[in-house]
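This report concerns only the one structure given below.
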Amino acid sequence: MLFSMTGFGRAEQTIGDKNFIVDIRSLNGKQLDVRLTLPSLLKPYEIDIRNRIAAGLERGSVECSIYLKQNGAAKSLAINTDLVAAYYEPLQQMAAQKGWNVEGVLAAILRMPEVVAPPTEILSEAEYHSFIPVLSSAIEALNQHRKEEGAALEVDLLQRITAISQHQAAIQALAPNRRTKIKEGLVKLLEEQVGPEHYDANRLEQELIYYIEKIDISEEQVRLSNHLQYFKTMLQEPDKGKGKKLSFIIQEIGREINTTGSKAYDADIQKIVVLMKDELEKAKEQILNVL
């Protein structure tokens, strides 16, 4: 079972006179990177919120936005009456002396700094504990989305690995004929260059055996089969975060395919190796999205 790193989750709930909305989305990333947007009421709990997101999502580039809507009656404002008087009285005296119109002066004073203070309000511990399930629901919704995306990734990766296995079977069918083809090619070359009666057949056989051993790909094919099987086994493991492990296995698969290609010295096998590399590159792209 695979989980993708891509997903989206949303949860909304009213707690008392406050309506909380949590939007959380994630994309692929090598590590966990959380970008968090909070209302001021939740700032004191930012560290705990980050820890809960990290525990629930493990890995990826995560963007979480939490919105707060106030319900119910408007909150009363605190007016600094001493400061209003300090502004108003000298202005009124000056206006009386100069004969100025004082209409609108009070409205202007109310816009002065620190004259009107917004209501001071904090989120209580009880309200925060009521908010936690909202965050958890959003994380759970995102993980469900990740699971659905992961199922599609698993199908695609299995197709890629199966295709590589099929190409490997074709290589194994061609490999035994390489010795005959190489020997025929060398004999033909020697006959053309020095004549059929001027070379030692026994020495040719010894050199041919040495040459065949150098370009033998049987060990690479055994290791490749093991890596492909291990990859399929890893897909079935219950561990949720295994993208890095699969990436390491893919690297090993690529190493054996590359070595096979460099030692093949056979046009037909080289063509198959190209097809295997194409499937491998597509698998690598998909692995980048696996949690």
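Here are the numbers for the structure shown:
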read-out	value
Spans of helices (runs of 4 or more DSSP H) in the range 195-291 with at least 2 residues touching a strand residue (DSSP E or B) at 6+ places or on another chain (Cβ under 9 Å) and at pLDDT 90 or above	243-264
Verdict on Gln159 being over 18 Å from Ala267 (Cβ atoms) and either modelled with pLDDT of 65 or more or surrounded by 15 or more Cβ atoms within 10 Å (Cβ to Cβ) (or both)	yes
Residue check, Ile47 over 20 Å from Glu148 (Cα atoms) and in contact with a Leu (Cβ under 9 Å, 6 or more places away or on another chain)	no
Counted residues, the range 235-263 - those being farther than 23 Å from Ser61 by Cβ, in contact (Cβ under 8 Å) with a residue 60 or more places away in the chain and touching a helix residue (DSSP H, G or I) at 6+ places or on another chain (Cβ under 8 Å)	4
Residue satisfying condition, being surrounded by 13 or more Cβ atoms within 10 Å (Cβ to Cβ) and touching a Lys or Arg at 6+ places or on another chain (Cβ under 7 Å), within set Gly241, Gly254	Gly241
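The values are calculated or read from the model by the stated rules, or taken from the named source; none is laboratory data. From a predicted model like this one, the values you see are computed outputs, not experimental measurements. Ideal geometry is used to build each Cβ from the backbone, glycine not excepted, and the neighbour counts take in all protein chains shown.
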